[in-house]
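Below: the structure, in structure tokens.
What follows draws every value from the coordinates through simple rules; no lab data is involved. Treat the numbers as computed from the prediction; the structure is a model and nothing was measured. Cβ placement follows ideal geometry from the backbone for every residue including glycine, while neighbour counts extend to all protein chains displayed.
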Amino acid sequence: MSRAVNRSASAKTVSIDKDLRQVDFSCAGNPRRRPLNMDAPVMDALSQIPDVADPLALFRTWFDQAEAREPDLHNAMSLATATAEGRPSVRLVLLKDFSSQGFVFYTNTESRKGTEIAANPAAAVCFHWKSLRRQVRIEGDLVPVTAAEADAYWATRPRESQLAAWASAQSRPMPSRALLQTRVAECEARFAGKPVPRPDQWTGYCLVPRNIEFWHDVRNRLHDRLIFRRIGDDWHSERLYP
Ligand SMILES: Cc1cc2nc3c(=O)[nH]c(=O)nc-3n(C[C@H](O)[C@H](O)[C@H](O)COP(=O)(O)O)c2cc1C
């Protein structure tokens with residue numbers, strides 16, 4: 001069976017079954033190819049990510065700059081988890097808090113990721129801030145936040161989101177969207193006139209970092225990489241070849 005992939009506005013169509021080595025993936029001549037954003041802070045070969053002692057302070061600086069520069073969702077991060085056997089899966093989640101303790105997101109503990117985290121707490125996240133030409137990778141173990149922390153964040157959520165958290169059996173098969181709407185309506189009726197409590201299976205996880213790596217685009221693919229590794233209570237940093 002052949003599937004067609006439309007790669008450009010000029011409707012150049014290729015068959016996946018054909019030899020893809022013949023296809024030009026360089027985007028040269030692609031009318032939709034956007035020129036490099038010359039506004040973006042590409043570093044030149046002699047500049048580098050500053051030598052700092054505290055990766056959290058550097059993360060704070062980059063995160064604040066991303067908030068100012070990125071058009072949307074600067075706090076979106078890819079979260080990789082894995083089964084007990086080490087089979088990985090990845091998805092986006094939103095970073096909701098961070099401190100020297102770690103990086104916090106919220107989800108459903110009965111979801112696919114929640115099941116994997118219960119079996120294997122090792123995880124990694126990755127931010128890509130396109131407008132800044134930067135990437136940050138963080139690896140470590142996930143620990144659940146306290147009930148008090150989860151309650152405090154839950155209280156800031158819009159009521160509609162709270163009801164959706166009750167109505168959604170995240171990651172499990174859903175027979176129809178109509179059933180999801182029915183479940184939302186049931187939750188609205190159940191909690192009418194009173195605050196929506198936090199479901200037990202909805203909480204946060206904190207990624208306690210072992211490694212934090214900062215990457216910045218440098219001209220000619222000579223990118224700068226600075227990795228911090230936690231040893232005891234201290235952070236040790238070194239640069240990596242791009
Ligand atoms: C930009 C973006 C942000 C998201 N943020 C979250 C989040 O904070 N928590 C969450 O549970 N799912 C979030 N999702 C949905 C997840 O990517 C994913 O579909 C869902 O959590 C189920 O994943 P799982 O089946 O691997 O557990 C987000 C999706 C996108 C595209």
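Assorted remarks:
- Evaluation of R198 against (1) surrounded by 16 or more Cβ atoms within 10 Å (Cβ to Cβ); (2) part of a strand (DSSP E or B); (3) of a type outside the set (V, I, T); (4) touching a Phe, Trp or Tyr at 6+ places or on another chain (Cβ under 9 Å) (one fails), failing number: (2)
- Residues in region 183-218 that are among the basic types (K, R) and out of contact with any Ser or Thr (no Cβ under 9 Å at 6 or more places or on another chain) were compared, and the one that is nearest to A165 (Cα to Cα) is R198.
Residues checked against (1) among the small types (G, A, S); (2) closer than 23 Å to V145 by Cβ:
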position: R177; (1), (2): no, no
position: A185; (1), (2): yes, no
position: Q201; (1), (2): no, yes
position: R210; (1), (2): no, yes
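- Applying the criterion of being farther than 21 Å from D72 by Cα and among the hydroxyl-bearing types (S, T, Y) to the residues of region 110-152, the residue that is surrounded by the fewest Cβ atoms within 10 Å (Cβ to Cβ) is T146.
- For region 49-103, the strands (runs of 3 or more DSSP E) that sit wholly inside it and include 3 or more residues that are of a type in the set (G, A, S) are 76-82.
Residue by residue, here is whether (1) more than 30 Å from N220 (Cβ to Cβ); (2) touching a Pro at 6+ places or on another chain (Cβ under 8 Å); (3) not aromatic (F, W, Y) holds:
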| site | (1), (2), (3) |
| --- | --- |
| S89 | yes, no, yes |
| F103 | yes, yes, no |
| A119 | yes, no, yes |
| K130 | no, no, yes |
| E139 | no, yes, yes |
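- On the stretch given as region 128-159, residues that are part of a helix (DSSP H, G or I) and either among the aliphatic types (A, V, I, L, M) or out of contact with any Gly (no Cβ under 8 Å at 6 or more places or on another chain) (or both) total 12.
- Residues of region 216-242 that turn out to be assigned to a loop (DSSP other than H, G, I, E, B) and either of a type in the set (A, V, I, L, M, F, W, C) or farther than 20 Å from F63 by Cβ (or both), as a count: 5
- Total residues in region 167-193 satisfying the condition of being within 20 Å of T203 (Cα to Cα), within 16 Å of the ligand (Cβ to nearest atom) and out of contact with any strand residue (DSSP E or B) (no Cβ under 9 Å at 6 or more places or on another chain): the figure is 2.
- The residue that is farthest from F105 (Cα to Cα), counting only those in region 206-242 that are touching a Pro at 6+ places or on another chain (Cβ under 6 Å) and buried (at least 20 other Cβ atoms within 10 Å of the Cβ), is F228.
- Within region 80-98, considering residues that are touching a helix residue (DSSP H, G or I) at 6+ places or on another chain (Cβ under 7 Å) and within 11 Å of the ligand (Cβ to nearest atom), the one farthest from I117 (Cα to Cα): K96
- Going through (1) hydrophobic (A, V, I, L, M, F, W, C); (2) closer than 26 Å to A57 by Cα; (3) surrounded by fewer than 11 Cβ atoms within 10 Å (Cβ to Cβ) one by one, A192 falls short only on (2).
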